[in-house]
Amino acid sequence: MINLAQVKKNPLISEYIRQTEKSLAALSYTDHGLRHCNLVADRARNIAKEIGLAQKEQELASIAAFCHDMANFLSRTYHNYLAPLLFQQVFINQFTPEEMTEIMQAIANHDKDEMNFTTKISAIVVLADKSDVHRSRVTVSKMEDIKADIHDRVNYATKESKLKVEKDKKRITLTLKIDTNFVPIVGYFEIFTERMVFCRKAAEFLGYNFGLVINKFRLL
């Protein structure tokens, strides 16, 4: 089995992510490129480590997390299905069938709540991905463009974003600091309620409760 560092060095994976960043920037989407991939991979590894998974599972979770968005350059609508197929083509015979299947499933499941969780890796990738809200995700530069889109407004207003695992309390908490002078708290729930429900289901599969704290006020 290869590790995340080797995956990151693969020229095809690098190009897929580069083209994804370029394609979604053309659509004025929030960042789904290298910054997002690295952050989600780091969070996935940390979650896996904090809940006590073995080193191998930590590696698989971080690999799936790093590659989860890389097919957006082919299709925004079906990127979660195309990405695991690309991954399998690039790394065929470099993972056991079980490892490959777990990675592919985790990538496919990260964006669609149509399958019940069957692996911890899939649940971890959802938590790592859906918790990434921050002004550094905004790719447009003009303030009038930022204000024109609810996703950009909410991300731009979010000054801090942290995901914490409390193993003793069996809780995984997303803590945000939002500039309410730029966007009201309700703006966050306009676009992220479905994602928070997805996170709650993912946390519950891992045996944890999901918490949400915004501006020091616990909402979940």
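Taken together, the values in this text are just the output of simple stated rules run on the coordinates, not laboratory data. Every value quoted in this text rests on a predicted model; they were computed, and no experiment measured them. In this analysis, Cβ positions are derived from the backbone assuming ideal geometry, glycine residues included, and neighbour counts consider all displayed protein chains.
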Q. Could you say whether any residue in region 73-84 is in contact with a Lys or Arg (Cβ under 8 Å, 6 or more places away or on another chain) and either closer than 21 Å to TYR208 by Cα or touching a residue at least 24 places away in the same chain (Cβ under 8 Å) (or both)?
A. yes
Q. With (1) free of Cβ contacts under 8 Å to residues at least 12 places away in the same chain; (2) farther than 23 Å from SER122 by Cβ as the list, and LYS159 as the residue in question, which single condition is left unmet?
A. (1)
Q. So, in region 132-175, of the ones that are of a type in the set (Val, Ile, Thr) and part of a strand (DSSP E or B), which residue ends up nearest to ASN46 (Cα to Cα)?
A. VAL165
Q | Flag if GLU144 is out of contact with any Lys or Arg (no Cβ under 9 Å at 6 or more places or on another chain), free of Cβ contacts under 8 Å to residues at least 24 places away in the same chain and under 19 Å from ALA48 (Cα atoms) | A | no
Q. Any idea which of (1) in contact (Cβ under 8 Å) with a residue 24 or more places away in the chain; (2) in contact with an Asp or Glu (Cβ under 6 Å, 6 or more places away or on another chain); (3) closer than 23 Å to PHE210 by Cβ is the one VAL138 doesn't satisfy?
A. (3)
Q) Counting only residues that are in a helix (DSSP H, G or I), surrounded by fewer than 21 Cβ atoms within 10 Å (Cβ to Cβ) and touching a residue at least 24 places away in the same chain (Cβ under 8 Å), how many does region 1-12 have? A) 2
Q.
Name the single residue that is surrounded by the most Cβ atoms within 10 Å (Cβ to Cβ) among those in region 22-81 being of a type in the set (Phe, Trp, Tyr) and farther than 18 Å from THR139 by Cα.
A. PHE66
Q: Could you identify the single residue in ARG43, ARG18, ARG35, ARG76 that is closer than 28 Å to ARG153 by Cβ, touching a strand residue (DSSP E or B) at 6+ places or on another chain (Cβ under 9 Å) and either outside any helix (DSSP H, G or I) or not hydrophobic (A, V, I, L, M, F, W, C) (or both)?
A: ARG43
Q: Identify all residues within region 136-155 that are surrounded by fewer than 23 Cβ atoms within 10 Å (Cβ to Cβ) and in contact with a helix residue (DSSP H, G or I) (Cβ under 8 Å, 6 or more places away or on another chain); write none if there are none.
A: SER136, ARG137, VAL138, THR139, VAL140, ASP145, ILE146, LYS147, ILE150, HIS151, ASP152, ARG153
Q. Within region 185-220, which residues are more than 18 Å from the chain's Cα centre (by Cα), exposed (fewer than 13 other Cβ atoms within 10 Å of the Cβ) and either closer than 18 Å to HIS151 by Cβ or of a type in the set (Phe, Trp, Tyr) (or both)?
A. VAL186, PHE217
**Q.** Selected residue (criterion: farthest from the chain's Cα centre (by Cα)) from residues of region 105-135 that are crowded, with 20+ Cβ neighbours inside 10 Å and more than 24 Å from GLY211 (Cβ to Cβ)
**A.** ALA108
(Q) Regarding region 183-201, can at least one residue be identified that is assigned to a strand (DSSP E or B) and not basic (Lys, Arg)? (A) no
**Q.** Search result, residues across region 202-220 that are over 24 Å from ILE178 (Cα atoms) and in a loop (DSSP other than H, G, I, E, B)
**A.** LEU206, GLY207, TYR208
